[in-house]
Structures are given as C-alpha cells and as structure tokens.
1. About the Cα centre of the chain, what is the dipole size in debye to 20, counting +1 per Lys and Arg Cβ and -1 per Asp and Glu Cβ, all else neutral?
2. Counting only other residues whose beta carbon sits under 9 Å from that of A121, what net charge do I get with K and R as +1, D and E as -1?
3. For the stretch 308-423, what is the relative contact order in percent, using Cα pairs closer than 8 Å and at least 6 residues apart in sequence?
4. Cross-link candidates for K78: which aspartates and glutamates have Cα within less than 14 Å, leaving aside residues fewer than 8 places away along the same chain?
5. Select from G390, M428, S167 the residue farthest towards the positive end of the dipole of the chain; place +1 on Cβ of Lys and Arg, -1 on Cβ of Asp and Glu, and compute about the Cα centre.
6. R37: net charge of surrounding residues, Cβ under 11 Å, Lys/Arg +1, Asp/Glu -1, itself excluded?
7. Any idea what angle helix 386-400 forms with the longest principal axis of the chain, computed on alpha-carbon atoms, 0 to 90 degrees, nearest 10?
8. What do you get for the angle between helix 318-343 and the principal long axis of the chain? Use alpha-carbon atoms, 0 to 90 degrees, nearest ten.
Amino acid sequence: MSAISSDLNALIPEFVLALGAMALMMFGVYAGAAWQRIANGAAIALLIATVAVLGILQPHAVAFGGAFIADPFAEFVKILVILGAVLTLFMGESYFERQNLQQFEFSVLVVFSVLGMMLMASAGDFIVLYLGMELQSLALYVLAAFDRDNLRSTEAGLKYFILGALSSGMMLYGISLIYGFAGTLTFTKVAMLVHTGNITIGLIFGLVFLISGLAFKVAAVPFHMWTPDVYEGAPTPITAFFSASPKIAAMALFVRAMIAPFPGAVDQWREVIYLISILSMVLGTVAAIGQANIKRLMAYSSIANMGYILIGLVAGTVQGVEGVLVYLAIYLVTTLGTFACILAMRRSGHMVENIPDLAGLAQTSPGFAFVFAMLMFSLAGIPPLAGFFGKFYVYLAAINAGLYPLAIIGVVVSVPLAFYYLRIVKIMYMDEPAPSFDSTMGWPVASVITGSGIFTLFFVLGAAPLVQSATAAAQALFP
C-alpha cells in the first residue's frame, strides 16, 4: 500500500491538471461560449497552479516500476511547456474575440495537450511514451482545424491528422520491434540489455522506426512535410502554440528516448540523427528564402532550429543535453515573441501575414520595429542576443564530442539562415512605408512582445540560473 501511495505522489501535478481540465470541460459545456473568457482565465490559473504543485509537492522519484520518472529533467521541461501554454492562452484571447471564435474548447484542448506533454517528459517506458504523445497529438489535430469555417484551417487539421497517424503507426511499429527483440518496454531494462552488447538487427530496425516517429513530432527532415501548411492554415495563436510547447515536449522525449534506453547504442542512433540534423538545417534554411508568408517562413525556421537543437543530442553527452535544454528555453521565448509580433500585424481590423506588409514599419511604429528586428537578429544567432547562446552551447557540445564536421556545417548553414531574417529587418527599416498597422494591439500581446524583447536583449546578464538548471536537468539523464 505504501508503494502505491509513493507512486501516486509522483503523479500529483498530473492529477491536478487532469482533474482541473475535466472540471473546465464540464464548466464549458454548461456555461457555453459566453463564458469563454472566464474559461480561458481559469485554464491559465490551472496551469500556474500546476507549476506551483510541481515545484512544491512532486518528489523526485521513479514510479510504477520505472514507467514514470519525476526528475530534474522532467521538471525543467514541464515548466517550459506550461510557460508556452500560458503565454499562448494569454495572448490568444483577444484574437479569438476579434475572429468570432470564442469557444471554450480552445482552452480545454490546450490544457489536455499539456497533460500529454507532461507525461511525455516523464516517460520511463515506451507505453507511457506512446500514451503521452497520443494524448498531446489528438488535442493538436483538433486545434489545427479550430477555425471550422476557414478552408485553410480545416485543410491544416486534415493534413496534420493523416500524417500524424502515419508517424504514430511508424513509431508504434518501432516500439513493437524493440519489445520483440528486447523482451521489455522499460527504458532501464532495455539499457541493461544494450549494455551487454546484445544489439540485434531487429532492435536497430525498431530504433530507426522510433526515431522516424519522433522526428515527425519535432518536424525534422524528412518528416517535416506537414509543418508549412499547418503553420499557415491554423489560427495564429494556435500556430504559436505549435511552434513552442509541443516542439519542446517532443524534443525532450526524443532526448530521453535515445539517452535512457540506448546509452550503449550511441554509435547506432547517432549516425541517423546526424543526418537528420544536417538535412533539417539545410532544407529549413534554403526553403525559407523564397517565402512571402511570414507564418510559412516561421515554419521553415522551426525546421532549421530543430536541426540545430539535434546537434546537442548527436553529441550524446551531459553537455550536449544541457545545450539542448538551454536552446529550447531560448527558442520558446524568442518564437512566442515573434508570433506575438505577427498577432500585432493588423490593418483595418484584419490580420495580414505577408512579409511586404512590414515595409517601413520603423517609420510608422519604431518601438514595435525595434523589438521585431531584435527577435529576428536573435533567431539568426547574432551576438550578444539570446539566440547566439543557444547555438553556442550546442556547437560547443559537438566540438567537445569530436563532431567537428557537424559543428562546421552548422556554422556554415547559419550564414544563409541569417539572410531571410535580415531581409525582414531590411524591409522594416529601408523600404517605403506601407499603411500603418492598427495602434491597438492589446495589452496581452504587447506584454509578450515587451517581455520577449527584454529576455532576448539582456539574456547574457541573467543566463546563469537558466544554465545551472539546465545542467542539473541534463545530469539527471546520466546516473
């Protein structure tokens, strides 16, 4: 009985979030769309309360025979995921009011997807891995098609669902092969088998299928096909959410699923991820150059960024995982800040998404243009802004692991990568002004823009706590 109680204690934050989400769903069913603003506020409060419970009540423990792991790595990832969801709900409220999409399901779906992400972060075996990922994915499929009267949105949801189902099938087939040849689904037991040198060809095939499914979830090449259309078609706050929390949770799961069960098979999985990383960096950079729609450009930017983050995983070291976590934290704030800027691109009450619409923004709205330009410089990795340090940490891990060609390729690809970010800056500062945007962007959006700008500009001064937390989280994966 005490063992069961101890196991349940490890799940307290998840229980709080699950019960709160179900209560929120019932409230929405009976209250209707008129109470959507209250439902949104309640969802934000629930997520913040979950963070408090996570920091105060959840012990660091391994529960249910190793199936669920509550450690510093999971805690770090869960906080990032929840932060991304809170900021999305916070700045998306006014958008849905303007678009007449006030439906309580948005808040509920975001909360349920976060619950799946929390399970992904703590997965200690392949069953929990799959259940967490599917709980997240089912909510995201609906969110992509949230604007049911918009053809692009419904198309985005359908494409995401079909390709997501394919990737889930591939991953499940890989898990079945791993179980068939390892005889267990628990990460620690698979690791013990791999350490003995008993790596069969069937186990390697299972590993490749597993990597394929995980690569789809982080939108890495060649499993990136869904990303541009889903980013463009989904409502902008939902696109912002897709670019942040789900990517962070999937990348964290990618790291744990490689490091925890297969530490003795680094040479086998490193080569696959090495290639995926290079392809993602190159394609994400090249394909973005000709984009006119800023949401599609951000889609290819996310593909390239996932390639850079995977450099840290390829290193397969504590320093590499630390680089991944630091990069994810910086990527979260910078990307959400950029999408907040996109949400502020309104003219005569209508959203505009084309890059030429930013022409002369520095003359019509100099403060907005300055923060937008700074976020672009950060995404390009220009020092001393936050984005530079994300790339610096993963490059350093690659060099210390002896992966000199990968680090060199990353640096070389960064040059054309900077082109399409700097092109936006050039349009804002050097082109003839287009008609000005609406002056009322709303205080939630303005707050996110300001906060992300401060973080990006002054990251170098306050980076120590984040780096220390990332180091402790990374060390948890290497007992």
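1. Charge dipole of the chain: 340 debye, to the nearest 20.
2. Values: positive: K78, R256; negative: E75.
Neighbourhood net charge equals +1.
3. On the way: 120 pairs, mean separation 40.6, N = 116.
Relative contact order here is 35 percent.
4. E14
5. Farthest along the dipole direction, towards plus: M428.
6. Working: positive: none; negative: E93, E97.
With Lys, Arg at +1 and Asp, Glu at -1, the net is -2.
7. 30 degrees
8. The angle comes out at about 30 degrees.
The values are calculated or read from the model by the stated rules, or taken from the named source; none is laboratory data. Everything numeric here is computed off the predicted structure, so don't read it as measured data. Every residue, glycine as well, gets a Cβ built from its backbone with ideal geometry; the counts of neighbours run over all protein chains shown. Note: accessible area is taken over every heavy atom of the protein model, side chains too, but ligands, DNA and RNA are not part of it. Shrake-Rupley method; radii C 1.70, N 1.55, O 1.52, S 1.80 Å.
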